[in-house]
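See below for the structure under consideration.
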Amino acid sequence: MKVRIDVDACVGAGQCVLAAPDVFDQRDEDGMVVLLLETPPPALEAAAEHAALLCPALAIAVDR
Ligand code: SF4
């Protein structure tokens, strides 16, 4: 799995961090998404996909 983020689309809602805190973080200064793991291990793939579904800005893409 490969995860991509679009920081320009991110609105800082934080849903991704709640869904997959090992894969996503938010910048302290403005809450924009930070990708911690571009290729999550299998144990985190479901959480990363869930985060992509939850993101209100469609700023997360997951490729398999
Ligand atoms: S859920 Fe989407 S909009 Fe919210 S912080 Fe994560 S990437 Fe940004």
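How about region 23-49: which of its residues are out of contact with any Pro (no Cβ under 9 Å at 6 or more places or on another chain) and under 16 Å from Cys10 (Cα atoms)?
First, pick out the residues of region 23-49 that are out of contact with any Pro (no Cβ under 9 Å at 6 or more places or on another chain): 24-35, 37-46, 49.
Result: Phe24, Asp25, Gln26, Arg27, Asp28, Glu29, Asp30, Gly31, Met32, Val33, Val34, Leu35.
Where the second residue is open to solvent by less than 90 Å² (accessible area, probe 1.4 Å) and near the ligand (Cβ under 10 Å from one of its atoms) and the first is touching a residue at least 60 places away in the same chain (Cβ under 8 Å) and lies in region 39-64, which pairs have Cβ atoms under 9 Å and are six or more apart or on separate chains?
Matching pairs, first to second residue: Val62/Ala51; Val62/Ala52.
Which strands (runs of 3 or more DSSP E) sit wholly inside region 1-52 and have at least 3 residues that are more than 10 Å from the ligand (Cβ to nearest atom)? If you could, list the steps in order and put the result at the bottom.
Values: elements: 2-5, 24-26, 33-35.
Result: 2-5.
How many residues does region 1-33 hold that are open to solvent by less than 60 Å² (accessible area, probe 1.4 Å) and out of contact with any helix residue (DSSP H, G or I) (no Cβ under 9 Å at 6 or more places or on another chain)? Show your work before the answer.
Step one: list which residues in region 1-33 are open to solvent by less than 60 Å² (accessible area, probe 1.4 Å), which gives 1, 3, 5, 7, 9-10, 12-14, 16-17, 19-20, 23-24, 26, 31-33.
With out of contact with any helix residue (DSSP H, G or I) (no Cβ under 9 Å at 6 or more places or on another chain) added as a condition, the list becomes 7, 9, 12, 14, 31-32.
The qualifying residues number 6.
Considering every residue within region 56-64, establish whether at least one is in a loop (DSSP other than H, G, I, E, B) and surrounded by 13 or more Cβ atoms within 10 Å (Cβ to Cβ).
Initially, region 56-64 is screened for residues in a loop (DSSP other than H, G, I, E, B), giving 56-59, 64.
Right, trim to surrounded by 13 or more Cβ atoms within 10 Å (Cβ to Cβ) and you get 57, 59.
Checked region 56-64: at least one residue is in a loop (DSSP other than H, G, I, E, B) and surrounded by 13 or more Cβ atoms within 10 Å (Cβ to Cβ).
Does Leu44 satisfy being loosely packed, with under 15 Cβ neighbours inside 10 Å, aliphatic (A, V, I, L, M) and on the phi < 0 side of the Ramachandran plot? Show your work before the answer.
Details: loosely packed, with under 15 Cβ neighbours inside 10 Å: no; aliphatic (A, V, I, L, M): yes; on the phi < 0 side of the Ramachandran plot: yes.
No.
The values are calculated or read from the model by the stated rules, or taken from the named source; none is laboratory data. The structure displayed is predicted, hence computed values, not measured ones. When we count neighbours, we look across all protein chains shown, and the Cβ atoms used for this are built from the backbone with ideal geometry, even at glycine. In case anyone asks, the SASA skips ligands and DNA or RNA and just uses the protein heavy atoms, side chains included. Shrake-Rupley method; radii C 1.70, N 1.55, O 1.52, S 1.80 Å.
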